[in-house]
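The values are calculated or read from the model by the stated rules, or taken from the named source; none is laboratory data. In this text the structure is predicted, and so the values were computed from the model without any measurement. Virtual Cβ from ideal backbone geometry, glycine too; neighbours counted across all protein chains shown. Side chains included, ligands, DNA and RNA excluded: accessible areas come from the protein's heavy atoms. Shrake-Rupley method; radii C 1.70, N 1.55, O 1.52, S 1.80 Å.
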Amino acid sequence: MSLDCSRSAQPQTALDMIPYMDAVRAVTGKMPEKPRCFVLTFGCQQNVADSEKLAGMAVDMGYQIIDIPEGADLILVNTCAIREHAEQKALSVVGQYKHLKEKNPALIIGICGCMVAQEHRREEIKKSYPYVSFVLCTSVLYRLPQYLAEVMEKGKRILRGEEEHTVAEGAPIRRESTYRASVSIMYGCNNFCSYCIVPYVRGRERSREPAAVIAEVKDLVARGYKDITLLGQNVNSYGKDRADGYAFPQLLADLDKIEGDYTLHFMTSHPKDATRELVDVMAASRHVAHSFHLPLQAGSDRILTLMNRHYDCAKYLDILDYMREKMPDIAVTSDIIVAFPTETEAEFEQTLAMLRRARFDMIYSFIYSPRKGTPAAKMEGQLPHSVSADRMGRLLALQNEIADAANSRLVGGTVRVISEGVSKNDASVYTGRTDQNKIVFFKEPVPEGEWAFVKIDRAAAFALYGTVEK
Ligand code: 5AD
Ligand code: SF4
């Protein structure tokens, strides 16, 4: 792969240790009047969090953030590489920006995120997207002002793939919401699941200092944030790169001590590191939501081994049962990949059987997508689209039944929700989310960001419907 991932750990960098502010000043001196920046995000919550940092830095440099690309002086496309489709969507959008560059030659377009960590994509951008000024990889995101200063001063394109094994503390964050926030607690992934591009594009695991995470969460709570999600590619592997043994359960317990009116979520967890100790901390906590996203990926032990997942179905069910024993109201969600190379019909049926046994509240399901440079892409036995589409259809139909039954059990009870305000699809109703992340619709107005207790009258596979209790 294109990136050198083998460098040893370096000390964490604070932004004041690098010429960040010098670059901000250099950019400020060269900008048009009232400069405007548009940030477009593809992919996961980590990318959404990264985009909030990109926007924060843009604001530091004097840009106003706008929500359409037309009229922008700077466009940042934050890309995802997890599946082929995500990359194609990003490239197609970048293609549409060509005419904006023709209208305004001073427009600067940068492509950030996972896609540009791959050498073949950078080559493609170099050749086929000559109006793109720079690419910026995830571990050096904080260099945005430096990249911009370089582009503006030298007028040259920057198409290098940079990776640093550091945690850059102190990047400004322009948060999209006033009540819901995510906090990245670690970056990268060491697991090399055989299908996955993430370890190649986001580098090795590095955890933030506990004190930095605790300070950030304290500050959010003090500012009135009510729903805080701790983020990491393998959030429950937090601390494995530390010498002192301070790990995710300790961090969660320490965060839970922060006084205030808030809920903590975390994602994504890896089953191999999902311990009873973590479940015990959750069950005893005051603020940690009873919700767990635990990707299973497949219900066949042979496929799990081929995927390099380091657990089997029995181990998965053991921790799942323990969670339900300690927190009977817990909502468990999962990721499933269908049609991994060589997956037989019988093995797919084992995935269906696991779904029936695990009774997930919700799943994210994916058709296996070969990623260049990963071991699975070179495996024999890649399956045709007809097989994957058929399996996906059957998986979704079964999960609908399971989710419907799980949600039906909530009818007649009362749930706490955080209001998301008027529904985007129907102005006559409000929506909110429970601590378990379930969507609830209700008629009574509850201002966005406020808690409410809702009695559930009706349930469907993807939503609950109820009445606000006074
Ligand atoms: N093909 C399909 N799904 C994938 N995922 C990761 N890589 C691939 C791939 N190559 C899914 C996994 C992971 C989720 C974020 O995306 O289920 O948990
Ligand atoms: Fe990808 Fe596996 Fe790492 Fe998750 S744990 S990011 S699926 S390699």
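For segment 109-172, the fraction of C-alpha pairs farther apart than 15 angstrom is 49 percent.
Taking PHE462, PHE348 and ordering them by how much accessible surface each has at a 1.4 Å probe, largest first, produces PHE462, PHE348.
Among rounded, prolate and oblate, which fits segment 398-470 when a ≥ b ≥ c are the square roots of the eigenvalues of its C-alpha gyration tensor, a/c under 1.5 means rounded, and a/b larger than b/c means prolate?
The shape class here is prolate.
Sequence-distant contacts, meaning Cα pairs under 8 Å at least 6 residues apart, place the relative contact order of the chain at 11 percent.
The label-point distance for GLU259 and HIS310, in a model that sets each label 7 Å from Cα toward Cβ, rounds to 4.0 nm. For segment 255-298, backbone nitrogen atoms closer than 14 Å to the point 7 Å from LYS326 Cα along Cα-to-C-beta are found at 273-293. The shape of segment 321-470 can be summarised by an equivalent ellipsoid whose semi-axes, obtained from the alpha carbon gyration tensor, come to 36, 17, 13 Å from longest to shortest.
Computed from the alpha carbon atoms alone, the convex hull of segment 12-154 holds 110 Å³ per residue. The residues of segment 12-154 have, on average, 41 Å² of accessible surface per residue, using a 1.4 Å probe with all protein chains present. When MET21, MET267, MET115 are compared by accessible area at a 1.4 angstrom probe, the order from most to least is MET21, MET267, MET115. Ranked from largest, the principal axis spans of the Cα set of the chain equal 63, 58, 50 Å. Neighbours of LYS126 by Cβ distance under 11 Å: Lys/Arg scored +1, Asp/Glu scored -1, total +2. Summing Cβ point charges (Lys, Arg +1; Asp, Glu -1) relative to the Cα centre of the chain gives a dipole of roughly 800 debye. Over all Cα atoms in segment 175-274, the spread is summed up by Rg and Dmax: 13.9, 42 Å. Extension gain, VAL48 to LEU159: 0.36 nm times the residue separation minus the Cα-Cα distance gives 37.7 nm. In the assembled protein chains, LYS257 presents an accessible area of approximately 130 Å² (probe radius 1.4 Å). Of all DSSP beta bridges confined to the chain, the antiparallel ones make up roughly 30%. Straight-line reach from LYS226: taking Cα to Cα under 29 Å and skipping same-chain neighbours fewer than 8 places apart, the lysines in range are LYS53, LYS218, LYS240, LYS257, LYS326, LYS424, LYS438, LYS443, LYS455, LYS470.
Highest-first packing order for the peptide set 433-442, 380-389 is 433-442, 380-389, based on the mean count of other beta carbon atoms within 10 Å. Computed with a 1.4 Å probe on the full set of protein chains, the accessible area for LEU100 sits at about 10 Å².
Ranked from largest to smallest solvent-accessible area, with a 1.4 Å probe on the protein heavy atoms, LYS226, LYS315 come out as LYS315, LYS226. At full extension, GLU347 and ALA215 could sit 42.9 nm farther apart than now, given 0.36 nm per residue minus the alpha carbon distance. Given R0 = 30 Å, the distance between the Cβ atoms of LYS98 and GLU380 translates into a calculated FRET efficiency of 0.15.
Placing +1 on the Cβ of every Lys and Arg and -1 on the Cβ of every Asp and Glu, with no other charges, gives segment 290-409 a dipole of roughly 280 debye about its Cα centre. The figure for VAL140 is an accessible area of roughly 0 square angstrom, using a 1.4 Å probe on the protein chains alone.
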